[in-house]
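Just so you know, all these numbers are worked out from the coordinates, no wet-lab data involved. Please read all numbers here as calculations on a predicted model, not as lab measurements. Quick reminder, even Gly has a Cβ in these numbers, built from the backbone with ideal geometry, and neighbours come from all protein chains shown.
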Amino acid sequence: MLPFKKILCPTDFSGPAAEALQRARELALHFKAKLLILHVAPPVPVPYQPITAPAPAPELTPVFNTPSYQLEIINSAEKALKELIDQQIPPNIEVQALVATGDPASEIVKLADQENVDVIVIATHGQTGWRRVVFGSVAEKVVRLAKPPVLTIRAPEETD
């Protein structure tokens, strides 16, 4: 496990994720480890059409093109990751930006297995009560399912 050679840091581009990235960057510098930064884009739901619905008229064009919209989301995430790396990761850290699509916790755990990472550094948004029950916690699921150790970084306290 130690020294770390590969560190995975998922990001949703939020404030807490920035805190986790800062800690992951410090670990990568200390251990001269490769830093994998992952963003999991939500899948675009396919519009439901009943089987009995008539086919659209040939002169009408679809308003919503699911595959091209999904590609736009992925391209936007790749661009945001590149900007994040350019602004926050020093050139002496080996870094790789990755974008996946699907359930965030599942994709994080799957990538950690595929890449054989030594540690996952992930933010927790500190949700409690009904928000946690309704939305669940990606960090909690990752802690439960991941094989490598998971370092959770709590969201900073908000000041009024």
Task: Placed amide H near Lys6: partners under 5 Å, 5+ positions off or other chain - done: Lys34, Asp118, Val119
TODO: Would you mind checking Lys79/Lys141; Lys34/Lys141; Lys6/Lys32; Lys82/Lys141; Lys79/Lys110; Lys32/Lys110 for any pair whose Cα atoms are more than 21 angstrom apart?
DONE: Lys79/Lys141; Lys34/Lys141; Lys82/Lys141; Lys79/Lys110; Lys32/Lys110
Task: Other-chain or far-sequence residues with amide H under 5 Å of Ala41's (modelled H) - done: Ala100, Thr101, Gly102
Task: Net charge of Cβ neighbours under 13 Å - reference Lys79; Lys, Arg +1; Asp, Glu -1 - done: -3
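Hey, fewest Cβ within 10 Å first, where do His30, His125 land in order?
Details: His30 10, His125 18.
Least crowded to most crowded, the residues run His30, His125.
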TODO: Within the set of other residues whose C-beta is less than 13 Å from the C-beta of Glu26, count the net charge using Lys and Arg as +1 and Asp and Glu as -1.
DONE: +2
